[in-house]
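Remarks on the structure that follows.
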Amino acid sequence: SHWLYRWSNPKCPGKLPPGSMGFPIIGETLDFFKPCGVEGIPTFVKKRMIRYGPLFRTNIFGSKTVVSTDPDVIHQIFRQENTSFELGYPDIFVKVFGKDNLFLKEVFIHKYLQKITMQILGSEGLKQTMLGNMDKATRDHIRSIASQGSFNVRKEVENLVVAYMTPKLISNLKPETQSKLIDNLNAFNLDWFKSFLRLSTWKAVTKALKSREEAIQVMKDVLMMRKETREKQEDFLNTLLEELEKDGSFFDQGSAINLIFLLAFALREGTSSCTALAVKFISKDPKVLAELKREHKAIVDNRKDKEAGVSWEEYRHNMTFTNMVSNEVLRLANTTPLLFRKAVQDVEIKGYTIPAGWIVAVAPSAVHFDPAIYENPFEFNPWRWEGKEMIWGSKTFMAFGYGVRLCVGAEFSRLQMAIFLHHLVAYYDFSMVQDSEIIRSPFHQYTKDLLINISQSPTK
Ligand code: HEM
């Protein structure tokens, strides 16, 4: 009984935030995984916000955790990153993404990580090397599926991104090696989260982990071969090989390969889910669709060369409404339900103490659905962004994180979303053939395929 008492009332040098530590060992993890609607604050968080207030304690994933939904506290946590708080994702993420994963390491390497990835994902890299490929691949892909009748938006964006990005990460593979790699990258997903309690889950987890192992093995073989032959290629692997040879490099072979794997996963998942959600919202809002069509048809009309693809100037200066739509989709989507940090020392916040070693989870959705920040927060209203500077990580908009660890793929995701919408609305009419409910458990899961039908726009 002493042990049970200690479980429910952990030692703390001050006053712990209110809350419940749940059942021994499993804490409140099962409740955390209960599916809920994707719009709004996740039910797990909302229920406790109502019961305990904006700062509450719990135990999830086997870790003593304080969850913050208070915008001021969230702001303070991110401001104190690398002093009072550091990255602290629960062990399950390490198991799924691999122990070599630099993203989940607590050491102070994200500046380095950002520097390396910016070469392909930063504005300059996107403008110089990526935009042309992305635009052509998207246009050709939409053209090729237009004749199929209906298609699954999410799946097609996944296929499209994996097909043109894999050679950017590792180029010059034999066709059979490349398709094996692509198959393994596509097979690694987090869909098993939705059936966390079913027996089939463990089959799905095993399959996902096996495909990760196989993808990593293919990458390892290529890396070894490149090291032996000193072969140089214009790809991200080459950048990492050069980094590996530098004195004091943060990378070793395992973490270099794991970074390529993580990027391939994030490129696919990040872009496909948000693009599908954008299409879902737009298809239900004729006013937004009409405004988008107007913007993109004007871009095409103003082009001297009608065959030319989207230019960087068009993306940056003529897609204002599209960017407003992207922001609104990302605000409502909250694809990352919680961001995890760890207190490195006892921290006093709002009269409570977060003891050293505890996980601190912040819920961006609490900020994105705060009526004091966004009027009618549940409404899909891109116009709310009119005239606002669309800063990606701010106290009021943290779809891509906030503070020092801002998402390195933010610009890429927005660009891919904009280009997909450009080709879809400027040249085609589309209608939803099969809608899908999207549930959060805790990541986005589509209950059905989100199918649309497209036909060449007569006004082209
Ligand atoms: C719409 C799509 C995306 C969303 C909503 C998103 C969201 C986020 C968020 C919220 C964080 C901060 C995590 C934290 O603070 O703990 C983050 C970090 C990160 N994201 Fe994304 N992401 C997206 C797309 C991508 C893509 C396409 C890539 C890769 C190419 C990517 C790679 C990363 C990496 C490597 C980090 C860690 C950055 C660091 O630690 O310095 N993300 N992302």
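The values are calculated or read from the model by the stated rules, or taken from the named source; none is laboratory data. Remember, it's a predicted structure, so these values are computed and weren't measured experimentally. So basically every Cβ, Gly included, is an ideal-geometry build from the backbone, and we count neighbours across all protein chains shown. All accessible areas refer to the heavy atoms of the entire protein, side chains included, with ligands and DNA or RNA removed. Shrake-Rupley method; radii C 1.70, N 1.55, O 1.52, S 1.80 Å.
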So Tyr374 fits all but one of (1) buried (at least 18 other Cβ atoms within 10 Å of the Cβ); (2) within 16 Å of the ligand (Cβ to nearest atom); what number is the exception? (2)
Would you mention how many residues in the stretch 318-359 are within 16 Å of the ligand (Cβ to nearest atom), assigned to a helix (DSSP H, G or I) and not polar (S, T, N, Q)? 8
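Could you grab me the full set of residues in the stretch 244-262 that are within 15 Å of the ligand (Cβ to nearest atom) and farther than 25 Å from Phe188 by Cα?
Across the stretch 244-262, the qualifying residue is only Phe250.
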Taking the stretch 16-48 and keeping only residues that are outside any strand (DSSP E or B), open to solvent by less than 80 Å² (accessible area, probe 1.4 Å) and on the phi > 0 side of the Ramachandran plot, one is left with Gly22, Gly40
Among Lys111, Lys95, Lys46, which is the only one that is at pLDDT below 85 and away from the ligand (no atom under 16 Å from the Cβ)? Lys95
Could you tell me whether the stretch 274-284 includes any residue that is charged (D, E, K, R) and open to solvent by 40 Å² or more (accessible area, probe 1.4 Å)? yes
What single numbered condition from (1) open to solvent by 10 Å² or more (accessible area, probe 1.4 Å); (2) more than 10 Å from the ligand (Cβ to nearest atom); (3) not polar (S, T, N, Q) fails to hold for Phe397? (1)
Looking at this structure, is Tyr428 open to solvent by 10 Å² or more (accessible area, probe 1.4 Å), away from the ligand (no atom under 16 Å from the Cβ) and either touching a residue at least 24 places away in the same chain (Cβ under 8 Å) or not charged (D, E, K, R) (or both)? yes
Among the residues of the stretch 49-63, write down those that are open to solvent by 30 Å² or more (accessible area, probe 1.4 Å), at pLDDT 95 or above, under 25 Å from the mean Cα position of the chain (by Cα) and of a type outside the set (A, V, I, L, M). Pro54
Test Met390 against the criterion of being surrounded by fewer than 16 Cβ atoms within 10 Å (Cβ to Cβ), under 23 Å from Lys287 (Cβ atoms) and within 16 Å of the ligand (Cβ to nearest atom), and give yes or no. yes
Please list, ordered by first then second residue, the pairs with beta carbon atoms under 7 Å, 6 or more apart or interchain, first in the stretch 396-424 and under 30 Å from Ile145 (Cα atoms) and touching a residue at least 40 places away in the same chain (Cβ under 8 Å), second acidic (Asp, Glu) and away from the ligand (no atom under 11 Å from the Cβ). Ile419/Asp135
Report, by residue number, each residue of the stretch 293-338 that is open to solvent by less than 20 Å² (accessible area, probe 1.4 Å) and within 30 Å of Thr58 (Cβ to Cβ). Val329, Leu330, Arg331, Leu332, Ala333, Asn334, Pro337, Leu338
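Show me the helices (runs of 4 or more DSSP H) found entirely inside the stretch 225-317 where at least 2 residues are within 18 Å of Thr138 (Cβ to Cβ) and at pLDDT 95 or above. First the steps, then the outcome.
On the way: elements: 236-245, 253-283, 286-301, 312-317.
Because the criterion is at least 2 residues that are within 18 Å of Thr138 (Cβ to Cβ) and at pLDDT 95 or above, the helices (runs of 4 or more DSSP H) in the stretch 225-317 that meet it are 253-283, 286-301, 312-317.
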